[in-house]
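Trainee: Please read through the structure below; I'll follow up with questions.
Nothing in this text is a laboratory measurement; each read-out follows from the coordinates by a stated rule. Just so it is clear, the model here is predicted, and its values are computed rather than measured. Positions of Cβ are generated from backbone atoms using ideal geometry, with glycine treated the same way; all protein chains shown enter the neighbour counts.
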């Protein structure tokens, strides 16, 4: 009955976790999170489903996804493929998010199982509940990042290892080795920090069996000793995982000891001294490491575990209680995780990066997703908090039942009341600390919803969509929700809007569009405010004409039209009394002119591939003026001229132009409007 109750309790815990993660993933993170690494793993998962290790883009410079290494063989991600492969399995069964659900359920079941192996079933179930109630677990289990999947592999290793130790089964030992090997392949340093305490336990169990005489005949030692055989099995399969990781390195980077992340950024790794990734660098000193990790640990215990500092204090007392009772060799590895994980993370500068600025508490990714490099610390924290809670409940029950006038049932009731009071306190603290990151992520999702509104229902069929690049020449950074299929043959192809003509030529059968948004890319601050997907015409001929009509709201003094190329600028002034102003840009293979506004016959030179800039400044006097801006891509390299529909912006200030002020017709004020028509003509023959 006890085993059945424990099984049912664990199943209920896993089911509750699965449902919660599905709800959070689909409602709080429908467009993914602030951490753009999600797109890396999902892009990699799609590649694995197609049997690809590399992407082979048909155009250079505009199709490189975020955190992909550009190599002669193609582009490959900086991360190991194990988490992506786990996400890919979910897609095989109907959707990537199914993996999130399965991993969350598995982590809770395994957490309860590991603690049950080390302590008992009640402690295991309570520890699992505390893990489930932790904001760090819920939020990180709901996004496509590697921390929950790697934790699953680490927990599988711990469970199989402890089960093998108890049952003396080499089959469970093999499971432990396979799990830790995959964990190493997924995140080597994370796996090492988690495995170290269990390695210590393994050496302790062999202390009386391995001596100088035994080492002279290791084969006989393995065959003759169950303990040695089990540990050898675990070690051998674990080393297979190490071999797989090194083999993968050899294939993609060309060197077994060069991991993909090091190929991407050689100074982005473990250790002190100069650390760098892209343009971000710092001298990571031991002093800085201790300061940063101290803050990360404080944030972990104060804001990201169930009950916050209450549970942290209980965990500390739980270690003391377990030690006073006599910490067994099977329990010691869980306690040692409270040392190996925090100390090991001091050596990793990523814990400095998640903080943002050290002078501003929690302004980096830690504010939205927590200290995810310490995800494995949830298990020992919850374990020893559960130990002391049950110890207190037992004391209460025993104290009440010990009175002559009170029966045993009253003791159980008193213990239950004490647990409910403690659960209420932990629940209240958890609700309070979870509110801030949930609200922050909800604000981000609201901004994402506005930004991705043009893609609602999917992108246009057979489309080629040009994207802006607020963070540099990267796809999926920040636009995670719109990704290319590995073969560039999906419903849409996405490319950076840097080489539009070459990109259009590479996909001649696709309809061209341009995506733009209004406002800076600051989702945590409610921006963008609107977005647009603009149909783009690709025209060519001996002579091109761009006809533009811009609305002029009542009260304007004048409208000044400016046209500029690398050759210079020319200006025309129109009367602001009219409700609209019409003008025409005429482009040949050598010159551009403005027509329709009178003035001298001036032209500007057009040289090769460049952007012709035009603007219409509507003058309202101080504080009320605004500008229509047109960026017309032109290619005049072969004796003829080619152009694409211009990008149109509506700028309330000079600084807002240049990519963050897209004209979105549905949100334009009264009297503000833009119409353009791009046509081509041929010479008379």
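Trainee: Label residue 667 and residue 571 with points 7 Å out from Cα along Cα→Cβ: what is the distance between them in nm?
Mentor: With each label point 7 Å from Cα toward Cβ, the separation is 3.1 nm.
Trainee: Let me ask another. Expressed in nm to one decimal, what extension gain is obtained for the pair residue 436 and residue 171 from 0.36 nm per residue of sequence separation less their Cα-Cα distance?
Mentor: Value of the extension gain: 90.9 nm.
Trainee: Now, a different point. What ranking of 420, 570 emerges when the number of other C-beta atoms within 10 Å of each C-beta is taken as an exposure proxy, fewest first?
Mentor: Ascending Cβ contact count within 10 Å gives the list 420, 570.
Trainee: So, by mean Cβ neighbours within 10 angstrom, what's the order for 278-286, 521-529 with the highest one leading?
Mentor: Working: 278-286: 12.3, 521-529: 16.2.
Going by the mean number of other Cβ atoms within 10 Å, highest first, we get 521-529, 278-286.
Trainee: Here's a follow-up. Just subtract the alpha-carbon distance of residue 543 and residue 590 from 0.36 nm times their residue separation and send over the number in nm, one decimal.
Mentor: Stretched fully, the residue 543-residue 590 segment lengthens by 15.9 nm.
Trainee: Return 517, 471 ranked ascending by Cβ neighbour count within 10 Å, so the fewest neighbours appear first.
Mentor: 471, 517
Trainee: Under 16 Å from a point placed 7 Å out from the Cα of residue 339 along the Cα-to-Cβ direction: which residues of the range 158-193 have their backbone N that close?
Mentor: Inside the label zone: 193.
Trainee: To test your reading of the geometry: what angle, between 0 and 90 degrees and rounded to tens, separates the Cα axis of helix 170-186 from the longest principal axis of the chain?
Mentor: Rounded to the nearest ten degrees, it is 30.
Trainee: Separate question: Per residue and in Å³, how big is the convex hull formed by the alpha-carbon atoms of the chain?
Mentor: 199 Å³
Trainee: Please arrange 384, 264 by counting, for each residue, the other beta carbons lying within 10 Å of its beta carbon, fewest first.
Mentor: Arranged by neighbour count, lowest to highest, 384, 264 become 264, 384.
Trainee: Take the Cα pairs of the range 493-627, get the Kirkwood Rh, then feed it into Stokes-Einstein at 25 °C and 0.890 mPa s and tell me D in µm²/s.
Mentor: Answer from the Stokes-Einstein relation: 141 µm²/s.
Trainee: At residue 5 and residue 203, where each label point lies 7 Å from the Cα along Cα→Cβ, what is the point-to-point distance in nanometres?
Mentor: It is 4.1 nm.
Trainee: Summing -39500 (n - 2.57) over the DSSP H runs of n ≥ 4 in the chain and dividing by its residue number, what mean residue ellipticity at 222 nm do you reach, to the nearest 500 deg cm²/dmol? Don't skip to the end; give the middle numbers.
Mentor: Numbers: 21 runs with 324 residues, N = 685.
Rounded to the nearest 500, the figure is -15500 deg cm²/dmol.
Trainee: Suppose R0 equals 56 Å. What FRET efficiency, 1/(1 + (r/R0)^6) with r the Cβ-Cβ distance, do residue 189 and residue 675 give to the nearest 0.05?
Mentor: Values: r = 58 Å, r/R0 = 1.03.
Result of the calculation: an efficiency of 0.45.
Trainee: Then there's this: Percent antiparallel among DSSP beta bridges with both residues in the range 456-533, to the nearest 5?
Mentor: On the way: 5 of 14 bridges.
Approximately 35 percent, going by the DSSP bridge assignments.
Trainee: Next question. What whole-number distance in Å separates the alpha-carbon centres of the range 234-260 and the range 627-685?
Mentor: Here the two parts' Cα centres lie 52 Å apart.
Trainee: Roughly how many Å is it from the Cα centre of the range 474-526 to that of the range 25-55, as a whole number?
Mentor: For the range 474-526 versus the range 25-55, the Cα centre distance is 16 Å.
Trainee: Also, quick follow-up: Residue 535 label point, 7 Å along Cα→Cβ, cut-off 14 Å on backbone N: hits in the range 656-685?
Mentor: 676-678
Trainee: Give the angle, between 0 and 90 degrees and rounded to the nearest 10, that separates the Cα long axis of helix 226-253 from the longest principal axis of the Cα atoms of the chain.
Mentor: That works out to roughly 10 degrees.
Trainee: Follow-up. How far is it, in nm, from the label point at residue 328 to the one at residue 283 when both lie 7 Å from their Cα along the line to the Cβ?
Mentor: About 5.2 nm, to one decimal.
Trainee: Quick one: Cα centre-to-centre distance for the range 70-116 and the range 451-471, in angstrom?
Mentor: Using only Cα atoms, the two centres lie 27 Å from each other.
Trainee: Hey, another quick one. So, by mean Cβ neighbours within 10 angstrom, what's the order for 39-46, 98-105 with the highest one leading?
Mentor: In descending order of packing, they fall as 39-46, 98-105.
Trainee: What FRET efficiency do you get for residue 554 and residue 491 if R0 is 41 Å and r is their Cβ-Cβ distance, rounded to the nearest 0.05?
Mentor: The computed FRET efficiency comes out at 0.40.
Trainee: What is the helix-to-structure angle for 332-346, meaning the angle in degrees between its Cα long axis and the longest Cα principal axis of the chain, kept from 0 to 90 and rounded to the nearest 10?
Mentor: The helix 332-346 is inclined about 30 degrees to the chain.
Trainee: How long are the semi-axes of the ellipsoid equivalent to the range 456-533, from square roots of 5 times the Cα gyration tensor eigenvalues, in whole Å, largest first?
Mentor: The three semi-axes for the range 456-533 are 22, 13, 12 Å.
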